[in-house]
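What follows is a short report on a single structure.
Where a number appears in this text, it was derived from the coordinates with a stated rule and is not lab data. Keep in mind the model is a prediction, meaning the values are calculated, not measured. Quick reminder, even Gly has a Cβ in these numbers, built from the backbone with ideal geometry, and neighbours come from all protein chains shown.
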Amino acid sequence: MAEKEKKNTFGLQFGMLKKYKTGILLFVLFEAIAISLWLTSGQLFFLLNFSYIGICISIGDILMVSQWKYAREFTQFTVGSYILVFLGLICRENMQIEGFWYYLFSGVVGAGVLHYAIAKIFGPLLFGRGWCGFACWTAMILDLLPYRQPAHPRKNFGWIRYVVFGFSLALVIVLMYLDKANTTTMFYLFVIGNVIYYAVGIILAIVLKDNRAFCKYICPVAVFLKPMSYFSLLRIKCDEEKCIQCGKCLKVCPMEVEVNKNSRKRKNATECILCQKCKKACPVGALK
Ligand code: SF4
Ligand code: SF4
Ligand code: SF4
């Protein structure tokens, strides 16, 4: 009897571990980053910073698996507002793309460069555009608007992001060339840049009736995110044999991903923000 109970307890614990494996793995990954950076740099900031982000992301994932309605918003606000308010406004580190260029060209591997490397350049090989679905401080506000599913077909405006990307790079190069780039200038650029992003994002969402219009057409970060997330280990997979072609997943997808196909080449494949809405909508569990 006692043996049976022991087996049942072990089975239960193993089942829990399996259920929450993504959250646990993310926690371990962020702790590994936190501890390695702390030990190699000697800065306690890295330990606290990446531990905090890892804890928020893994709690968010566990809440999501437990089907709490606001799990994604929990992660968006705990991580997004921490980066925007604490790192950006209080610590005055430019966490936008201009900050990344500036610190990179200055040879300063601080929060800005590491943030880009982990969340937006190399991390997407592992967790795709999870940053866009769960942590971006721009999208955390845009997602509050009422246009959760795009009201019209996607426009052919994706080229704008490359112009914005080139402009941000040129702006930093010019400022550095003129010897006007310093932490104060970069702080004001961060504030102004965010005000512009929010204003453009909100106006576009209202005009195009699509909360994520800014992500689809304007955001320069997608220039990094798209090619890297093509190879992502974590992705929504479709069991095409199981799929009954009801189209419910396509209707709820905010990014118009052709998620009822399994190929990495499916339409808008590199736009998936891993929000999981399609999985919840699928009546036959074809999406994993
Ligand atoms: S595309 Fe840009 S604005 Fe949109 S969620 Fe991703 S990083 Fe944020
Ligand atoms: S609904 Fe599915 S396919 Fe669309 S962005 Fe969210 S996770 Fe990706
Ligand atoms: S919701 Fe499920 S069954 Fe319906 S089209 Fe999408 S993957 Fe297929």
Point to revise | Rg [Å, one decimal], Dmax [Å, integer] - region 237-288, C-alpha atoms | key: 9.6, 24
Exercise for review: Pop the C-beta distance of ASN182 and ILE160 into the FRET formula with R0 = 30 Å and round what comes out to the nearest 0.05.
Suggested key: 0.55
Study note, to complete from the structure: region 237-288: relative contact order from alpha carbon pairs under 8 Å, six or more residues apart, as a whole percent, is 45 percent
Point to revise | For the chain, convex hull volume per residue from C-alpha positions, Å³ | key: 149 Å³
Review point. Contour minus end-to-end for ILE206 and GLN245, with contour as 0.36 nm per residue of separation and end-to-end as the Cα-Cα distance?
Key: 11.0 nm
Practice item. Compute the length gained on full extension between TYR198 and GLU31: take 0.36 nm times their separation in residues and subtract their Cα-Cα distance, giving the result in nm to one decimal. Key: 57.0 nm
Study note, to complete from the structure: Taking Cα pairs closer than 8 Å and at least 6 residues apart, the relative contact order of region 164-223 in percent is 35 percent
Review point. Across region 216-228, in residue order, what do the Karplus-derived ³J(HN,Hα) couplings come to in whole Hz, using 6.51 cos²θ - 1.76 cosθ + 1.60 with θ = phi - 60° and x for Gly and Pro?
Key: 6, 10, 10, 4, x, 5, 4, 4, 7, 5, 5, x, 5
Check your understanding: Within the chain, which is the longest segment containing none of the chymotrypsin sites (Phe, Trp or Tyr not before Pro) that sit in a DSSP loop and have at most 15 other Cβ atoms within 10 Å?
Key -> 160-230
